[in-house]
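Chemist: Have a look at this one.
The values are calculated or read from the model by the stated rules, or taken from the named source; none is laboratory data. As the structure is a computational prediction, the values presented were derived from the model and not from experiment. Methodologically, a virtual Cβ is constructed for each residue, glycine included, from the backbone with ideal geometry; neighbour enumeration extends over all protein chains shown. Remember, those area values only see protein heavy atoms, side chains included, never the ligands or the DNA or RNA. Shrake-Rupley method; radii C 1.70, N 1.55, O 1.52, S 1.80 Å.
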Amino acid sequence: MPDIAATGKAAKPITAAEYSPDGKTLAVGRFGSVEIGDLTIPVEGKVNNLHFSSDGSKLIIATGITGLKGIATVNDIKTGEKILEIGEGYHRDILYDAEFSPDGKYIATTGYDRTIQLWDATSGKFIRRIEGHNGAIFDIAFSPDSTLIASASADETGKIWRVSDGERLDTLNQPEGEQFRIAFTPYGRYIVCTGGDKKIRLWR
């Protein structure tokens, strides 16, 4: 096929976006970069998810190379400087999500390799590997008090894990399709999850 150039400047598709906690800053992820206003942060591979820290000073980016490695970078939102890079050598495939814990102590990463990895948010030191899903994990969420992690997976379940030791506390097995998003409600009383079965489920 002939190589036909675009007639004008074409922007790369947006693959992730997130507002800062104060609602004043928008981060936009594309293949190979994240844009924060006029600032562009180069990244390796597709940006699948990005999240601000609770104080809004840092941004964590979930990316990697399909079939090769998963990487999460933590960047300063004012300068774009890379503060931490974690995941390579621990995740065997691309990351779908990376999250700061609300208390700022931990980072959790997850992706196609079916594992959740827990890290020290200050040093980037690896803490533990959490396993139990039988499919890719598309989304994770910390509880408001940072003691639990919930996960949504291609194996048609959500699961709840204890942060302190990685123990699985429950499996939410009612869904009938891949689960793509999961979250705790603001006070931690409920978990909400949704996915390929076209339903939104709420658990106490």
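To keep it simple, each residue is scored yes or no on (1) acidic (Asp, Glu); (2) in contact with a Lys or Arg (Cβ under 8 Å, 6 or more places away or on another chain); (3) closer than 18 Å to residue 138 by Cα.
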site: 24; (1), (2), (3): no, no, no
site: 89; (1), (2), (3): no, yes, no
site: 96; (1), (2), (3): no, no, yes
site: 104; (1), (2), (3): no, no, no
site: 108; (1), (2), (3): no, no, yes
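Chemist: Answer yes or no: is there a residue in the stretch 16-23 that is on the phi < 0 side of the Ramachandran plot, modelled with pLDDT under 95 and either among the hydrophobic types (A, V, I, L, M, F, W, C) or open to solvent by less than 60 Å² (accessible area, probe 1.4 Å) (or both).
Modeler: Scanning the stretch 16-23, I find no residue that is on the phi < 0 side of the Ramachandran plot, modelled with pLDDT under 95 and either among the hydrophobic types (A, V, I, L, M, F, W, C) or open to solvent by less than 60 Å² (accessible area, probe 1.4 Å) (or both), so the answer is no.
Chemist: I would also like to ask the following. Being of a type in the set (Lys, Arg) and either touching a residue at least 60 places away in the same chain (Cβ under 8 Å) or under 17 Å from residue 83 (Cα atoms) (or both) narrows it down to one residue among 58, 12; which is it? Can you show your working first?
Modeler: On the way: 12 fails: either touching a residue at least 60 places away in the same chain (Cβ under 8 Å) or under 17 Å from residue 83 (Cα atoms) (or both).
Result: 58 is the single residue among 58, 12 that is of a type in the set (Lys, Arg) and either touching a residue at least 60 places away in the same chain (Cβ under 8 Å) or under 17 Å from residue 83 (Cα atoms) (or both).
Chemist: Another one. In the stretch 167-199, how many residues are among the aliphatic types (A, V, I, L, M) and either over 22 Å from residue 111 (Cα atoms) or open to solvent by less than 40 Å² (accessible area, probe 1.4 Å) (or both)? Show your work before the answer.
Modeler: Looking only at the stretch 167-199, we keep the residues that are among the aliphatic types (A, V, I, L, M), and these are 169, 172, 182-183, 191-192.
Now restrict to residues that are either over 22 Å from residue 111 (Cα atoms) or open to solvent by less than 40 Å² (accessible area, probe 1.4 Å) (or both): 172, 182-183, 191.
Total satisfying the criteria: 4.
Quick grid of which residues meet (1) open to solvent by less than 60 Å² (accessible area, probe 1.4 Å); (2) in a strand (DSSP E or B); (3) of a type outside the set (Asp, Glu):
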position	(1), (2), (3)
34	yes, yes, yes
54	no, no, yes
63	yes, yes, yes
71	yes, yes, yes
74	yes, yes, yes
85	no, yes, no
97	yes, yes, no
103	no, no, no
124	yes, no, yes
